[in-house]
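A.B. asks: Pasting a structure here, questions to come.
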Amino acid sequence: MSVVRASVVRSSRLWVVAASAALVLAACSDSPDDEPTPAADTPSVTTSSTPSETPTTPTPTTEPPAALPALDELLVSPGRVGPVSVGMTKQQALDTGLFEADVEVPGEDCGRVLPLGWKADYASSLDVLTKDDGTVVSLGIRGEQPRTSDGLGVGSTLREVSGVHETAELVEAGYGQTGVFVTDGERWLGYLFDADPESIGPKDAVSLVEVTQGTRPDLMRDGC
């Protein structure tokens, strides 16, 4: 009887040891559930400070005044010099940009104010005659520029003028001078020569050009 009990006791102890060993092995085994969870990659956030842009008000720009045409760019034709035509009102002439208003004429005998006068760029070569209200009645060319489309102007010879205007009228212009006149309807163009009709020759040169409308140029520039 004692032998059997001893066997039972021994067997019971072995089961307890086996069970304990199983628990220890289970606790030490590599379980996927026990692996540490890797930390999620947290994207780094970079904060940049953009300077606030202050809206700027555009600076208004002033258009430069248009350049005046050169004298040799103005074309002379019956009743016209460049953009200026005889018969223009004072305001129309001023609108061309080539004139000044109410120009004072210097000198003891000429101390008066004219309705219109060419700007300084042109005043030494061109003149203008007007009515009291400023209406243009005559334009005169005293300098070598401007000229006609055929290149005629102050300094051109009678031969050159006659070669272009073969049927032009040649008459006395006063003060022992000669005028050659060209017409286009009511518009006139006159060339003045400092020689009388009886003595004028092909080499005599033009001393003044005048354009008018309605009446023939008198080719006179007396006084002021």
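A.B. asks: Under 13 Å from the Cβ of residue 161, count the other residues' Cβ atoms, weight Lys and Arg +1, Asp and Glu -1, and hand me the total.
C.D. replies: Details: positive: 147, 159, 203; negative: 150, 160, 166, 169, 204.
Summing Lys/Arg as +1 and Asp/Glu as -1 gives -2.
A.B. asks: So, one more: Find how much the distance from residue 104 to residue 75 grows on full extension, using 0.36 nm per residue of separation minus their present alpha carbon separation; answer in nm with one decimal. Each step should come with its number before you reach the end.
C.D. replies: Values: separation 29, 0.36 × 29 = 10.44 nm, distance 2.71 nm.
The residue 104-residue 75 span can extend by a further 7.7 nm.
A.B. asks: Which percent of the accessible area of region 71-213 is formed by carbon and sulfur heavy atoms (probe 1.4 angstrom)? Spell out each step's value before the answer.
C.D. replies: Details: 3220 of 7200 Å².
Solvent-exposed carbon and sulfur of region 71-213 make up 45 percent of the total.
A.B. asks: Sticking with this one: Stretched out fully, how many nm does the piece from residue 198 to residue 150 gain, at 0.36 nm a residue minus the Cα gap?
C.D. replies: Contour length minus the Cα-Cα distance gives 14.6 nm.
A.B. asks: Collect residues whose amide H, placed 1.01 Å from N in the peptide plane, falls under 5 Å from the amide H of residue 156; neighbours closer than 5 in sequence don't count.
C.D. replies: 206
A.B. asks: Would you mind pulling out the separation of the Cα centroids of region 83-136 and region 158-224, in Å?
C.D. replies: Result: 23 Å between the Cα centres.
A.B. asks: With the contact rule set at Cα under 8 Å and sequence spacing of 6 or more, what percent relative contact order holds for region 98-224? It would help to have the intermediate numbers written out before the result.
C.D. replies: Numbers: 253 pairs, mean separation 24.5, N = 127.
RCO, region 98-224: 19 percent.
The values are calculated or read from the model by the stated rules, or taken from the named source; none is laboratory data. Just so we're clear, the structure is a prediction, and the values are computed from it rather than from any experiment. Positions of Cβ are backbone-derived with ideal geometry, glycine not excepted, and every protein chain shown enters the neighbour counts. Side chains are part of the model used for accessible areas, which takes the heavy atoms of the whole protein and leaves out ligands, DNA and RNA. Shrake-Rupley method; radii C 1.70, N 1.55, O 1.52, S 1.80 Å.
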